[in-house]
Amino acid sequence: MEQKSSEKITYDISTLSRIMKKDFIFVIAVFLILLLIFTDISIYESFGSVRSRKLEAENLAMLYVSDITQNYADATTHNEQTLKNILFGHMNFTALESRDYNYSIYKYDPASKRNILIYGTDYYKLHKPISVEIDLKDFKCNLAVAPTGYWVNVHLVIVLTTLSLLLICAFTILTLLFFKLRQSNIRLAQLATLDQLTGLYTKQTAIFTLKKEIDYAIRNGTQVAVCFIDMNNFKHINDKYGHTVGDTALAKVAKRLLESVRPEDIVARFGGDEFIIIFRGKNTGTDYTSTVERIKAVLNVPAKLSAHVLADISASVGLAVYPVNGNGVEDLIAYADKAMYEEKAKLKRAARNTADSNIEELR
């Protein structure tokens with residue numbers, strides 16, 4: 001039977017798994033990078049807001065300190081009462097109050113080791129204040145400024161956090177859609193790679209794999225063997241018991257073939273009731289006779305195809321070995337196919353001879 005090579009690229013399950021794993025790692029990496037970027041932006045903007053407010057408070061405090069120092073120097077008397085008169089009578093702190101700042105003018109008492117209030121809010125009620133020293137002629141005091149709430153802009157943090165969460169949620173949704181699409185693509189690839197009835201590889205996958213194995217054998221000096229298998233009794237089963245039982249017979253043969261070979265070998269349904277096995281990575285000079293006989297013996301055992309059907313699912317097997325029986329995919333498959341048909345012809349001749357002998361005995 002003449003075979004034509006397929007140009008369509010197919011993938012085996014291990015290749016599909018590697019593709020899926022790489023995609024998953026890539027998506028997780030992008031997710032973590034985005035999360036890091038959004039977190040960094042939120043932190044930077046939050047701390048930037050804090051730095052900006054502290055710088056503003058410090059500049060305002062220095063302006064007020066300059067005014068207080070100038071008014072105190074212009075006064076005729078210099079004591080704490082003079083300072084209080086200036087603060088209560090001449091100073092206007094609306095610039096701080098309008099920007100939601102609290103302030104406290106205080107002096108440090110070494111005896112009690114506490115800050116004593118002179119004007120404004122009690123120092124100990126301020127939240128992390130900025131203090132600027134007021135250097136007067138007779139004594140020193142300080143002007144402390146702090147926000148009515150917190151240095152950080154809570155509204156800005158809420159906005160940035162919300163934006164980050166929305167972006168992450170959008171990315172998560174896109175990721176899920178991506179995985180859904182990817183799974184659909186892999187499912188379509190599997191439909192093209194696997195036979196839906198038997199679960200074996202398809203003809204195209206077998207040809208693609210055989211070509212790769214021949215290339216590997218050329219590079220490494222190994223050999224590749226191909227078994228071409230055709231059921232002997234499939235037409236009879238299909239015609240007598242129906243297509244459902246026929247499908248069961250194909251599935252039984254597929255299961256037995258998989259159990260007869262190594263995990264690294266390739267078993268494929270070549271079409272109809274034909275199967276192919278590719279023995280991978282064998283050393284030159286390997287004898288496949290025992291393997292072929294084992295496959296025949298496994299298939300020669302009748303199979304229960306339904307509650308009332310016990311049928312013969314035996315098959316004829318043809319073997320071809322690279323580079324002994326051919327140098328390419330088409331050569332090997334053609335040789336194995338020819339060997340299989342020669343064996344099938346022998347079985348038919350043997351069956352006819354047996355039938356003729358039985359008739360002769362009856363005479």
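Scanning region 152-159 for residues that are at pLDDT 80 or above, within 17 Å of Asn102 (Cβ to Cβ) and either under 42 Å from the mean Cα position of the chain (by Cα) or not aliphatic (A, V, I, L, M) (or both) turns up nothing. The strands (runs of 3 or more DSSP E) found entirely in region 220-331 that carry 3 or more residues being modelled with pLDDT under 90 are 274-282. Candidates are the residues of region 294-325 that are open to solvent by 50 Å² or more (accessible area, probe 1.4 Å) and of a type in the set (D, E, K, R); the one that is nearest to Met231 (Cα to Cα) is Asp312. The listed residues are Ala192, Ala170, Ala146, and the only one of them that is open to solvent by less than 70 Å² (accessible area, probe 1.4 Å), at pLDDT 90 or above and not acidic (Asp, Glu) turns out to be Ala146. Entry remark, region 56-101: residues being within 13 Å of Leu143 (Cβ to Cβ), touching a residue at least 60 places away in the same chain (Cβ under 8 Å) and open to solvent by 30 Å² or more (accessible area, probe 1.4 Å) number 3 in total.
Yes/no per residue for (1) within 30 Å of Val159 (Cα to Cα); (2) touching a strand residue (DSSP E or B) at 6+ places or on another chain (Cβ under 7 Å):
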site	(1), (2)
Leu60	yes, yes
Thr77	no, no
Gln81	no, no
Phe93	no, yes
Arg99	yes, no
Tyr108	no, yes
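The set of residues from region 121-130 being surrounded by fewer than 20 Cβ atoms within 10 Å (Cβ to Cβ) and either touching a Leu at 6+ places or on another chain (Cβ under 7 Å) or under 15 Å from Leu87 (Cα atoms) (or both) comprises just one member, Thr121. Scanning region 131-141 for residues that are in contact with a strand residue (DSSP E or B) (Cβ under 7 Å, 6 or more places away or on another chain), open to solvent by 50 Å² or more (accessible area, probe 1.4 Å) and of a type outside the set (Asp, Glu) yields a count of 2.
Cβ-Cβ distances below 9 Å connect the following pairs, each with a first residue in region 255-278 that is in contact (Cβ under 8 Å) with a residue 24 or more places away in the chain and more than 12 Å from Ile295 (Cα to Cα), a second residue that is part of a helix (DSSP H, G or I) and acidic (Asp, Glu), and a separation of six or more residues or different chains: Ile266/Glu213; Glu274/Asp337; Ile278/Glu213. In the set Ile229, Ile207, only one residue is open to solvent by 10 Å² or more (accessible area, probe 1.4 Å) and β-branched (Val, Ile, Thr); that residue is Ile207.
Could you check region 102-112 and list, in sequence order, the residues that are surrounded by fewer than 21 Cβ atoms within 10 Å (Cβ to Cβ), in contact with a Cys (Cβ under 9 Å, 6 or more places away or on another chain) and hydroxyl-bearing (Ser, Thr, Tyr)? Selection gives Tyr108 alone.
The values are calculated or read from the model by the stated rules, or taken from the named source; none is laboratory data. The model shown is predicted, which means the values in this text are computed figures rather than measured ones. Virtual Cβ from ideal backbone geometry, glycine too; neighbours counted across all protein chains shown. Protein only, heavy atoms only, side chains kept; ligands, DNA and RNA dropped before computing areas. Shrake-Rupley method; radii C 1.70, N 1.55, O 1.52, S 1.80 Å.
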